[in-house]
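Just below is one structure, and these are the notes that go with it.
The values are calculated or read from the model by the stated rules, or taken from the named source; none is laboratory data. All values derive from a computational prediction rather than experimental measurement. Glycine gets a Cβ as well: all are built from the backbone with ideal geometry, and neighbour counts include every protein chain shown.
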There are 2 protein chains.
Amino acid sequence: MTTIGKSNISGIRLDVSDRRKLTHTLKKFDLVVGALPGRLGYRLVKTCIGVGVDGVDVSYMPENPLTLHRDAVKAGVTIIPDCGLAPGLSNLLVGRAVSQLDEIEYVHIAVGGLPVKRTPPLDHVMTWCVEDFIDEYARKVRIVERGKVVEVEALSGLEEVDLPGIGKLEAFYTDGLRTLLHTIRAESMWEKTLRYPGHAKKMKLLKELGFFDEKPLKVDDVRLPPRRLTARLLDKKLRRPGLGDVVALNVDVGGRRRGTKIRHFYRLIDRYDKERGITAMARTTAYTASVIAQLVAGKFVREDGVIPLEKLGMKPMIFDRIMAELEERGIKIRQISLPPNL
Amino acid sequence: MTTIGKSNISGIRLDVSDRRKLTHTLKKFDLVVGALPGRLGYRLVKTCIGVGVDGVDVSYMPENPLTLHRDAVKAGVTIIPDCGLAPGLSNLLVGRAVSQLDEIEYVHIAVGGLPVKRTPPLDHVMTWCVEDFIDEYARKVRIVERGKVVEVEALSGLEEVDLPGIGKLEAFYTDGLRTLLHTIRAESMWEKTLRYPGHAKKMKLLKELGFFDEKPLKVDDVRLPPRRLTARLLDKKLRRPGLGDVVALNVDVGGRRRGTKIRHFYRLIDRYDKERGITAMARTTAYTASVIAQLVAGKFVREDGVIPLEKLGMKPMIFDRIMAELEERGIKIRQISLPPNL
């Protein structure tokens with residue numbers, strides 16, 4: 001055990017891919033907050049259920065966490081998956097909007113973490129796991145069109161978005177609906193990622209040239225998935241501690257309430273905490289997970305099973321409590337309910 | 001020895017990085033045509049001189065072949081370096097132009113091999129050594145400004161060029177002057193490479209992200225220079241046999257003759273030989289090397305030493321003979337002498 005910083009938190013170094021050791025370790029705790037790379041997330045959640053410990057997870061896992069719902073119910077365990085910014089806060093807000101509608105027409109999410117200023121070559125700053133960052137551009141995207149789930153390419157659906165206080169951005173499809181595909185029915189649903197204009201074209205080039213390929217490539221006498229080398233290079237070039245970031249999230253849900261068309265719109269703009277050196281991405285991701293973890297640990301959230309955040313968003317008491325806790329940490333979400341044409 | 005095709009040519013498989021074996025093999029021949037990757041070119045030429053055999057080389061070697069001049073003279077050997085398209089034909093044409101001037105003001109070369117049609121993602125087709133192709137974008141470029149050699153970045157100096165029969169292209173500095181830096185004095189000299197518009201920006205991105213780096217990078221448990229993986233990927237994506245290519249070369253030399261300003265301009269446009277499946281790049285590179293090799297072997301070129309093509313271009317008899325031989329192979333160079341304002 002090693003002490004982290006000067007706080008009363010201590011650390012354990014552990015190979016989480018070793019199932020037996022992981023099980024043995026998790027047994028000692030009441031609640032697990034998972035903040036692992038996507039490829040390890042599902043395994044961690046599964047182990048939590050096996051051990052019988054509650055879990056709050058922020059990983060961008062490729063698997064569907066809802067497939068573990070029955071096991072979690074049986075084990076009497078609460079699992080909150082996708083508990084970061086988006087998926088995460090976005091789901092919570094969608095749940096809130098949906099609970100105020102009789103009929104849902106569309107759910108449109110736009111979200112991005114950006115450097116405060118454009119910073120070549122990619123106009124991006126790496127604030128989270130580089131492998132999951134690449135996966136956002138590589139993974140097939142599921143959206144809903146005319147009520148049906150369809151698969152599209154990441155980086156497609158490119159459009160321009162003007163964000164007050166930030167300026168002109170571009171937005172393109174990424175696979176962020178996830179549990180919403182199973183929990184919400186609407187005519188149209190998508191998540192798009194926000195970046196500075198021109199970013200998508202560059203990432204598309206890397207993708208098309210094969211730099212995101214996961215299949216090992218033989219080069220001289222070694223075999224290496226091109227994506228592994230790309231991840232190392234991007235991490236080297238784009239991880240710039242101290243470079244301020246900004247997070248933007250738009251959640252736009254339209255539908256009907258008692259026959260009248262209405263639109264619920266939420267906007268979050270959060271900025272780098274210079275004083276404490278905490279990125280906006282860390283703030284919006286980790287504070288969300290931390291607040292929810294405390295609600296689960298305090299038995300404020302009592303439901304057993306895999307409970308996605310949209311379900312919590314539908315409960316006014318819980319939603320308001322989360323909002324209040326986030327606001328205390330300086331994360332302010334503007335809620336605007338509008339007639340559909342505004 | 002293995003027979004190549006149905007011709008009377010036979011092959012030897014040889015590790016040319018093994019100096020002893022290379023020396024032993026070259027001894028058996030009267031003339032060597034070097035068509036190796038750039039990193040092996042200098043070594044081959046040096047071995048030719050050591051063995052006492054004439055050599056014609058097309059490799060894009062990073063070293064200066066003129067440093068071997070004295071050794072070649074001593075050995076009584078003729079070496080023609082940079083004997084392809086550009087460097088190569090370009091040097092020959094510069095030599096011709098210069099021989100018709102009393103004073104040289106500028107030497108401007110623009111050259112490129114392109115696919116006949118734009119072909120995403122890079123609008124390029126790989127018609128030669130992928131490693132030397134990458135080196136063109138990575139290697140520092142020497143140009144002449146106000147009579148002095150200065151170093152600039154490859155991919156800089158971007159401008160638009162309109163080529164009749166091909167259309168709008170872009171041009172940027174590449175390190176193609178080479179021996180001309182030592183043999184010709186002018187106020188301004190540069191070589192630029194021609195590509196479809198937008199290509200330079202894409203290659204610049206790869207360069208800036210570190211994909212052309214030669215320093216080995218540790219990725220997981222292997223160490224690999226990023227450029228090696230990039231070379232493999234580009235070769236896979238851009239080598240498309242049968243996709244027609246076109247080669248364009250502009251050589252523009254301005255100066256004075258008997259006090260009057262004059263401009264010598266040469267243009268070569270060559271296209272894929274569909275019937276025989278020979279790319280324009282292979283035609284313009286290999287036919288040049290082959291014609292020169294025959295002139296050296298036939299003692300038509302008699303000078304000992306390292307003789308760059310601009311020197312041969314200055315000799316009317318040799319220049320005309322080369323032009324005639326190339327024309328016989330369908331390679332037609334238009335020569336236009338103009339007053340300087342046209």
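Among the residues of region B:322-342 satisfying the criterion of being assigned to a strand (DSSP E or B) and among the β-branched types (V, I, T), which is nearest to the chain's Cα centre (by Cα)? Ranking the candidates gives B:I333 first. Checking B:L309 against (1) under 25 Å from B:L177 (Cβ atoms); (2) at pLDDT 95 or above; (3) more than 19 Å from the chain's Cα centre (by Cα), which single condition isn't satisfied? So the condition that B:L309 fails would be (3). Among the residues of region A:217-252, the ones that are under 26 Å from A:E170 (Cβ atoms), of a type in the set (A, V, I, L, M) and assigned to a strand (DSSP E or B) come to 5 in all. Is at least one residue of region A:87-98 small (G, A, S), under 14 Å from the mean Cα position of the chain (by Cα) and closer than 24 Å to A:I333 by Cβ? Yes - at least one qualifying residue is present in region A:87-98. In summary, B:W128 fulfils each of the numbered conditions (1) modelled with pLDDT under 95; (2) part of a strand (DSSP E or B) with the single exception of condition (2). Here A:R178 meets the list (1) on the phi > 0 side of the Ramachandran plot; (2) without any contact (Cβ under 8 Å) to a residue 40 or more places away in the chain; (3) of a type outside the set (S, T, N, Q) almost entirely, failing just condition (2).
List pairs: first in region B:134-148 and under 13 Å from B:L177 (Cβ atoms), second part of a helix (DSSP H, G or I), Cβ under 8 Å, 6+ apart or cross-chain? These pairs meet every condition: B:R142/B:L181; B:V144/B:L181.
If the condition is being part of a loop (DSSP other than H, G, I, E, B) and under 14 Å from the mean Cα position of the chain (by Cα), then region B:64-79 contributes only B:N64.
Residue-wise test of (1) more than 14 Å from chain B (Cβ to nearest Cβ); (2) under 30 Å from A:S337 (Cα atoms).
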{"position": "A:V107", "(1), (2)": "yes, yes"}
{"position": "A:V111", "(1), (2)": "yes, yes"}
{"position": "A:M126", "(1), (2)": "no, no"}
{"position": "A:C129", "(1), (2)": "yes, no"}
{"position": "A:F133", "(1), (2)": "no, no"}
{"position": "A:E145", "(1), (2)": "yes, yes"}
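The residues listed here are A:L36, A:L40; of these, the one that is touching a strand residue (DSSP E or B) at 6+ places or on another chain (Cβ under 9 Å), assigned to a loop (DSSP other than H, G, I, E, B) and either in contact (Cβ under 8 Å) with a residue 60 or more places away in the chain or closer than 26 Å to A:L180 by Cα (or both) is A:L36. Looking only at region B:224-237, residues that are more than 7 Å from every other protein chain (Cβ to nearest Cβ) and touching a Leu at 6+ places or on another chain (Cβ under 6 Å) come to 0 in all. Filtering region B:79-106 to residues that are polar (S, T, N, Q) and surrounded by fewer than 24 Cβ atoms within 10 Å (Cβ to Cβ) leaves B:S99, B:Q100. When you scan region A:113-130, how many residues do you find that are within 21 Å of A:G84 (Cβ to Cβ) and either surrounded by fewer than 18 Cβ atoms within 10 Å (Cβ to Cβ) or in contact with a strand residue (DSSP E or B) (Cβ under 8 Å, 6 or more places away or on another chain) (or both)? Number of matching residues: 8. Inside region B:144-169, residues that are among the charged types (D, E, K, R), at pLDDT 95 or above and more than 20 Å from the chain's Cα centre (by Cα) make up a count of 6.
Report the residue count in region A:253-298 for those that are over 16 Å from A:E325 (Cβ atoms) and either among the charged types (D, E, K, R) or surrounded by fewer than 19 Cβ atoms within 10 Å (Cβ to Cβ) (or both). The qualifying residues number 17. Give the residues of region B:184-216 that are in a strand (DSSP E or B), aliphatic (A, V, I, L, M) and under 23 Å from B:P121 (Cβ atoms), sorted by residue number. Selection gives B:L194 alone. For region A:177-208, residues that are surrounded by fewer than 22 Cβ atoms within 10 Å (Cβ to Cβ), out of contact with any strand residue (DSSP E or B) (no Cβ under 8 Å at 6 or more places or on another chain) and hydrophobic (A, V, I, L, M, F, W, C) total 1.
Taken over region B:301-315, the criterion of being among the aliphatic types (A, V, I, L, M) and closer than 11 Å to B:P81 by Cβ is satisfied by B:V306, B:I307, B:L309. Within this structure, A:D123 passes the test of being at positive phi and at pLDDT below 95.
Check off (1) within 30 Å of B:V301 (Cα to Cα); (2) of a type in the set (K, R); (3) without any contact (Cβ under 8 Å) to a residue 12 or more places away in the chain for B:R96 and give me the number that stays unchecked. That leaves (3) as the condition not met.
Look at region A:267-279: where a residue is on the phi < 0 side of the Ramachandran plot and a partner is of a type in the set (D, E, K, R) and surrounded by 18 or more Cβ atoms within 10 Å (Cβ to Cβ), sitting 6+ places away or on another chain with Cβ atoms under 7 Å, you get A:D270/A:R283; A:Y272/A:D245; A:D273/A:R283; A:T279/A:D245. Quick one: which of A:G242, A:G210, A:G259, A:G198 is at positive phi, more than 8 Å from chain B (Cβ to nearest Cβ) and modelled with pLDDT of 95 or more? The match here is A:G198. If you go through region A:293-321 and pick out every residue that is aliphatic (A, V, I, L, M), in a helix (DSSP H, G or I) and farther than 24 Å from A:Y106 by Cβ, you end up with 6.
Consider region A:1-31 and keep the residues that are among the hydroxyl-bearing types (S, T, Y) and touching a Leu at 6+ places or on another chain (Cβ under 9 Å). The one that is modelled with the highest pLDDT is A:T25. Examine region B:62-76 for a residue that is in contact with a Pro (Cβ under 8 Å, 6 or more places away or on another chain) and without any contact (Cβ under 8 Å) to a residue 40 or more places away in the chain, and state whether such a residue exists. Within region B:62-76 (the criterion being in contact with a Pro (Cβ under 8 Å, 6 or more places away or on another chain) and without any contact (Cβ under 8 Å) to a residue 40 or more places away in the chain), the answer is no, since none of the residues qualifies. For B:D221, are the conditions met, namely being under 24 Å from the mean Cα position of the chain (by Cα), more than 7 Å from chain A (Cβ to nearest Cβ) and either of a type in the set (D, E) or closer than 27 Å to B:P120 by Cβ (or both)? For B:D221, the condition - under 24 Å from the mean Cα position of the chain (by Cα), more than 7 Å from chain A (Cβ to nearest Cβ) and either of a type in the set (D, E) or closer than 27 Å to B:P120 by Cβ (or both) - is not met. For region A:99-125, a tally of residues being without any contact (Cβ under 8 Å) to a residue 24 or more places away in the chain and in a strand (DSSP E or B) returns 0. Which members of region B:299-315 meet the condition of being out of contact with any strand residue (DSSP E or B) (no Cβ under 8 Å at 6 or more places or on another chain) and crowded, with 22+ Cβ neighbours inside 10 Å? Hits for region B:299-315 are B:E310, B:G313.
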